[in-house]
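**Q** Just passing along the structure, written as structure tokens.
Values quoted throughout were computed directly from the atomic coordinates according to the rules given, and no laboratory measurement underlies them. Worth saying up front: this structure is predicted, and the values here are computed from it rather than measured. Every residue, glycine as well, gets a Cβ built from its backbone with ideal geometry; the counts of neighbours run over all protein chains shown.
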Amino acid sequence: MRVRRSVVSAVACVLLAGASMSCTGGSAPAPGPVADLLDGRDWAHFAGAEPTRSGVRITRLDRRITRQDGSGGQPNPPVNLRGPHLVFQGGVRVEARLIRTDGTDAYLHLYGETPVVYDEWRHERRGVRIGVVGGRLRFDRWDGDSDRPAVTRTFGRGFGDDVRLAVDVRGDRLVLEADGNVVGTVPARDVFRHRRIWFGADAGDGGRGWTLGELRAMPLGRGRVSVRDAPALKVPRSTDALRDLAAGLRRPIRMGTALAAGPLLTDGAYRRTAGEEFSMLTPENDFKAQFVQPRRGVFAFEEGDTLVDFADANGMRVHAHTLVWFEALPSWMRAEMTHEDRRRVMTEHIRAVAGHFRGKVAEWDVVNEPMSDEDEDYTNGNRGVRPHLWFEAMGEQYMDIAFRTAKEADPHAVLYLNEYGVEEDGPRWDALYALLVRLKQRGVPIDGVGFQNHEYAAEDRTDPEVFRRKVRALAGLGLKARVSEMDVLVGEGEEDVQARQFAGKLAVCAEEPNCTSFSTWGFTDGYGSTADIRHYPPSPGDALPWDAAYEAKSTYWALRDVLGRTRRRPPQAPDGQGAVG
């Protein structure tokens with residue numbers, strides 16, 4: 001695309017923009033290299049995008065994050081984390097061509113800081129979005145202090161289906177152009193304070209999609225611009241990490257953690273620690289239904305593929321999470337439908353997702369959290385099973401159907417049921433054990449149970465020996481066990497409590513023959529799910545082995561000590577394996 005040169009001063013354009021008018025002639029970039037951000041760059045790993053000969057085709061995902069009760073719908077548009085991003089000094093100009101074929105609302109995102117998705121919640125950091133909506137240019141700016149944009153403005157009217165946009169980053173101002181005309185300026189408010197820009201795109205209402213025909217960047221004045229691609233996924237390793245100690249046990253186990261694709265590609269310390277210390281990963285969010293199938297029949301596997309590729313590059317196994325759950329569902333899955341259609345939706349989802357990752361993951365959480373929190377469900381005939389939408393459509397047999405469908409879709413994967421609050425004695429554990437007996441009697445292909453071990457309050461603390469009885473009870477049923485999502489939230493001065501709880505559960509897993517892996521729900525407080533999200537920016541919790549600055553806590557050293565001691569001691573022979581305990 002030919003660079004346009006200004007014939008009207010920027011000052012005059014600012015004045016006209018303030019009067020809701022436009023002026024012809026774009027701001028003039030100085031001669032310098034023009035960076036093409038499409039040709040030869042990676043857009044194939046960007047959710048909702050398809051590289052074509054005419055550009056990158058953007059499909060409407062309408063991906064949203066609902067609250068735990070299914071309400072709300074926080075937008076969660078994709079970011080091209082494995083594609084190019086800009087690093088610049090001084091001013092920079094970004095030019096784009098948006099080609100709409102059926103009236104689709106088209107959006108281009110310029111992120112100064114990439115969003116952080118905690119456990120089913122998105123922290124929208126600094127960035128801007130420009131697009132063509134209903135024939136007008138729409139601009140949104142996020143300042144990192146709210147889910148909602150701090151500034152929303154519209155400019156011009158009557159834009160057609162082929163629009164050339166430009167954004168000039170000029171100090172504390174953003175100058176906006178459409179089809180060669182300056183249409184407005186907006187305060188930048190440090191949105192690009194780190195001098196980096198990541199790109200995203202999304203399609204809104206009104207059609208099936210649009211094409212990003214061009215995307216270029218160039219310096220302004222004496223500025224400088226360079227294009228960076230995503231970092232290599234392979235992490236250089238030593239041989240003295242948690243994973244190495246666990247592999248050296250007389251009966252090796254896997255040390256795992258939950259990971260997110262975002263920080264994996266944008267935070268070097270996160271990436272290095274994950275690849276160095278762990279031999280198994282669990283996708284924290286990227287395999288959940290509202291992330292992977294936001295619209296019926298429309299799938300977004302790219303972030304999940306990134307996690308699988310990272311695991312493959314670093315000799316890690318993937319414990320995939322999760323196929324069937326009553327939370328983290330897109331709104332269309334929650335819609336009213338017949339019982340038969342509900343069953344069809346569940347089985348189609350399992351076949352599509354497990355089929356896509358067939359042979360690439362080692363294990364699946366097929367059914368997540370089937371046990372009820374309500375006392376009445378332990379006495380009203382539900383036998384402790386949660387009466388959610390899948391149960392209402394198929395009864396308890398939804399689990400039979402889910403496991404059998406998963407087995408057909410990925411026959412070599414190890415299949416787990418995953419649950420919280422069953423590490424301790426009580427009716428919840430008793431009901432789970434009885435459920436497992438029934439599943440085994442019905443020939444359901446279940447291989448094991450994950451104990452989440454979330455400990456958020458003093459009453460959540462569980463004696464390791466009580467937990468040991470549960471692991472041995474599973475062995476009596478011929479089932480594997482694993483610690484699947486452990487985190488221990490503590491207050492100031494309670495780090496020793498956290499260290500003891502982590503170490504105690506790891507010791508049980510290392511000593512019991514049917515326990516296969518020990519996984520934490522994240523590893524650094526900087527991205528932990530216990531972050532306080534009642535305000536922006538969220539303040540980190542204190543629940544994981546590394547703090548927000550990647551300093552290892554006493555919890556990390558306690559885990560190392562357990563692995564060091566256990567590798568010198570023969571495993572204990574299980575006893576009382578059949579006890580419900």
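**Q** Rounded, prolate or oblate for the range 10-228? Axes are the square roots of the Cα gyration tensor eigenvalues, ordered a ≥ b ≥ c, and the cut-off for rounded is a/c under 1.5.
**A** Rounded is the answer for the range 10-228, as its axis ratio a/c remains below 1.5.
**Q** Just how many % of Cα pairs in the range 209-358 lie over 26 Å apart, if you round to the nearest whole percent?
**A** When every Cα pair of the range 209-358 is considered, 45 percent fall beyond 26 Å.
**Q** Once phi is turned into θ = phi - 60°, what whole-Hz ³J(HN,Hα) does the Karplus curve with 6.51, -1.76 and 1.60 give for every residue of the range 270-279, x standing for Gly and Pro?
**A** 4, 5, 5, 5, 4, x, 6, 9, 10, 10
**Q** Please quote Rg/Rh for the range 166-226 to two decimal places, taking the Kirkwood radius as Rh and restricting both calculations to Cα atoms.
**A** 1.00
**Q** Ok, one more. Give me the number: length gained by fully extending residue 67 to residue 234, i.e. 0.36 nm times residue separation minus the C-alpha to C-alpha distance, one decimal in nm.
**A** 56.7 nm
**Q** Nearest 20 debye, what's the magnitude of the dipole of the range 242-566 about its Cα centre given +1 on Lys and Arg Cβ and -1 on Asp and Glu Cβ? Mind dumping the intermediate values first?
**A** Working: 38 positive and 54 negative charges, 302 e Å.
I would put it at about 1460 debye.
**Q** Apply the Karplus curve 6.51 cos²θ - 1.76 cosθ + 1.60, θ = phi - 60°, to the phi angles in the range 51-66 and return the couplings in whole Hz, x for Gly and Pro.
**A** Going residue by residue, I get x, 10, 5, 9, x, 9, 7, 10, 9, 5, 9, 6, 7, 9, 10, 8 Hz, with x marking Gly and Pro.
**Q** Rule-of-thumb check for the range 242-566: C-alpha Rg over 2.2 N^0.38 Å?
**A** Normalised Rg, Cα atoms only: 0.96.
**Q** Here is a follow-up. Assign unit charges at the C-beta atoms only (+1 for Lys and Arg, -1 for Asp and Glu), then state the dipole size of the chain relative to its Cα centre in Debye, rounded to the nearest 20.
**A** That gives the chain a dipole magnitude of about 2380 debye.
**Q** With θ set to phi - 60° and the Karplus curve 6.51 cos²θ - 1.76 cosθ + 1.60, what are the ³J(HN,Hα) couplings of the range 342-356 in order, to the nearest whole Hz, using x for Gly and Pro?
**A** Working through the residues one at a time gives 4, 4, 5, 4, 5, 5, 5, 5, 4, 4, 5, 6, 5, x, 4 Hz.
**Q** Okay, moving on. Rank the residues 288, 407 as a footprinting-exposure proxy: fewest other Cβ atoms within 10 Å of their Cβ go first.
**A** Arranged by neighbour count, lowest to highest, 288, 407 become 407, 288.
**Q** If you don't mind, there's one more thing I want to ask. May I ask you to list the trypsin sites (Lys or Arg not before Pro) in the range 197-235 that are in a DSSP loop and have at most 16 other Cβ atoms within 10 Å of their Cβ?
**A** 208, 234
**Q** Here is a follow-up. Only one of the values [x] 26.2; [y] 25.5; [z] 24.5 was calculated from this structure for Kirkwood radius over Cα pairs in Å; name its label.
**A** [y]
**Q** For the cross-link pairs 480/553; 407/440; 234/360; 407/480, which exceed 19 Å when the distance is taken from alpha carbon to alpha carbon?
**A** 480/553
**Q** In what sequence do 505, 440 fall when counting other Cβ within 10 Å, fewest first?
**A** Starting with the residue having the fewest Cβ neighbours, the order is 440, 505.
**Q** What residue among 353, 420, 290 has its Cα farthest toward the positive end of the dipole of the range 242-566, where the charges are +1 on Lys, Arg and -1 on Asp, Glu, each on the Cβ?
**A** 353
**Q** Here's something else I'd like to know. Any idea how far the Cα center of the range 378-451 sits from the one of the range 135-171, in Å?
**A** If you average the Cα positions of each part, the centres end up 49 Å apart.
**Q** A further question on this structure: Within a Cβ distance under 10 Å of residue 483, other residues only, what is the Lys/Arg minus Asp/Glu net charge? All intermediate terms of the calculation are to be shown ahead of the outcome.
**A** Numbers: positive: 482, 505; negative: 423, 485.
Net charge around residue 483: 0.
**Q** Can you sort 517, 71, 539, 372 by how many other beta carbons sit within 10 Å, fewest first?
**A** So the residues, fewest neighbours to most, are 71, 539, 372, 517.
**Q** Determine the shape class of the range 334-478: with a ≥ b ≥ c the square roots of the Cα gyration tensor eigenvalues, call it rounded for a/c under 1.5, and otherwise prolate if a/b is greater than b/c, oblate otherwise. Each step should come with its number before you reach the end.
**A** Details: a/c = 1.85, a/b = 1.32, b/c = 1.40.
Oblate.
**Q** I've got another one for you. Given H placed 1.01 Å from N in the peptide plane, which residues other than close sequence neighbours of residue 480 have an amide H under 5 Å from its amide H?
**A** Sorted by chain and number, the residues that satisfy this are 448, 449.
**Q** Further question: 5 Å is the cut-off here: which amide hydrogens, built 1.01 Å from N in the peptide plane, fall below it relative to residue 517, excluding neighbours closer than 5 in sequence?
**A** Residues meeting the amide H criterion: 254, 483.
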